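Notes follow the structure.
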Amino acid sequence: MSTKIHVAVDAQGRAVELQLGPGQEHDVLYGKALLASHEPKYVIADKGYDSDALIETIAEHGATAVIPPRSNRNEKRRYSKRRYKTRNLVERFFNRLKHYRRIATRYEKTARNYLTFVNLAATLVLLGVTVNTT
């Protein structure tokens, strides 16, 4: 019934990997797919990506996980709050992406077509094309 966009961005807030999934699936299921072809130094994500399996995968890639622990965790992990503040790059990317009405309102009926328009909008965001809202 709904769709989630999962994205990995670089240090400048540019999308490097996009995945589309059903809205009812948990975010952590897409963590490995977003990391598969990249070698980041740090993986900064929100609490939705907090799982021991993903933390191990990140460590196997030679990166440091900067993911706050969920509130129901028995053993709290430490993370860099200073580095976590840069997660706003992802939020800014989504904000720019939602300026494109076709993405924000999800006009497309099929996931394939919707992902195509998400990729197009992400490319326009990368190129710095602005949307006229008047």
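The values are calculated or read from the model by the stated rules, or taken from the named source; none is laboratory data. Please read all numbers here as calculations on a predicted model, not as lab measurements. Cβ sites come from the backbone with ideal geometry, for glycine too, and all protein chains shown count toward neighbours.
Filter the range 24-46 for residues that are basic (Lys, Arg) and modelled with pLDDT of 90 or more and give the result.
Scanning the range 24-46 gives a single hit, Lys41.
Only one of these conditions is not met by Ala53: (1) more than 28 Å from Ala111 (Cα to Cα); (2) more than 15 Å from the chain's Cα centre (by Cα). Which number is it?
Unmet condition: (1).
Note down all Cβ pairs under 6 Å where the first residue falls in the range 61-84 and is closer than 19 Å to Asp27 by Cα, the second is basic (Lys, Arg), and they're at least six residues apart or on different chains.
These pairs meet every condition: Val66/Arg83; Pro68/Lys47; Pro69/Lys76; Pro69/Arg77; Arg70/Lys47.
Say whether the condition of being in contact with a strand residue (DSSP E or B) (Cβ under 8 Å, 6 or more places away or on another chain), exposed (fewer than 11 other Cβ atoms within 10 Å of the Cβ) and either under 29 Å from Thr130 (Cα atoms) or not hydrophobic (A, V, I, L, M, F, W, C) (or both) is met by at least one residue in the range 26-45.
Yes, the range 26-45 contains a residue that is in contact with a strand residue (DSSP E or B) (Cβ under 8 Å, 6 or more places away or on another chain), exposed (fewer than 11 other Cβ atoms within 10 Å of the Cβ) and either under 29 Å from Thr130 (Cα atoms) or not hydrophobic (A, V, I, L, M, F, W, C) (or both).
Could you please let me know if Ala121 is surrounded by 12 or more Cβ atoms within 10 Å (Cβ to Cβ), touching a strand residue (DSSP E or B) at 6+ places or on another chain (Cβ under 6 Å) and within 22 Å of Gly13 (Cα to Cα)?
no
How many of the residues in the range 86-103 are more than 17 Å from Leu124 (Cβ to Cβ) and either without any contact (Cβ under 8 Å) to a residue 40 or more places away in the chain or in contact with a Pro (Cβ under 6 Å, 6 or more places away or on another chain) (or both)? Working first, answer last.
Filtering the range 86-103 down to residues more than 17 Å from Leu124 (Cβ to Cβ) leaves 86-91.
So of that shortlist, the ones also either without any contact (Cβ under 8 Å) to a residue 40 or more places away in the chain or in contact with a Pro (Cβ under 6 Å, 6 or more places away or on another chain) (or both) come out as 88, 91.
The qualifying residues number 2.
Is it the case that Arg106 is farther than 17 Å from Ala8 by Cα, in a loop (DSSP other than H, G, I, E, B) and touching a residue at least 12 places away in the same chain (Cβ under 8 Å)?
yes
Scanning the range 101-119 for residues that are in contact with a helix residue (DSSP H, G or I) (Cβ under 9 Å, 6 or more places away or on another chain) and at pLDDT 90 or above, which turns out nearest to Leu34 (Cα to Cα)?
Val118
Counting residues that are out of contact with any Gly (no Cβ under 8 Å at 6 or more places or on another chain) and of a type in the set (Asp, Glu), which helices (runs of 4 or more DSSP H) fully inside the range 1-102 reach at least 2?
52-60
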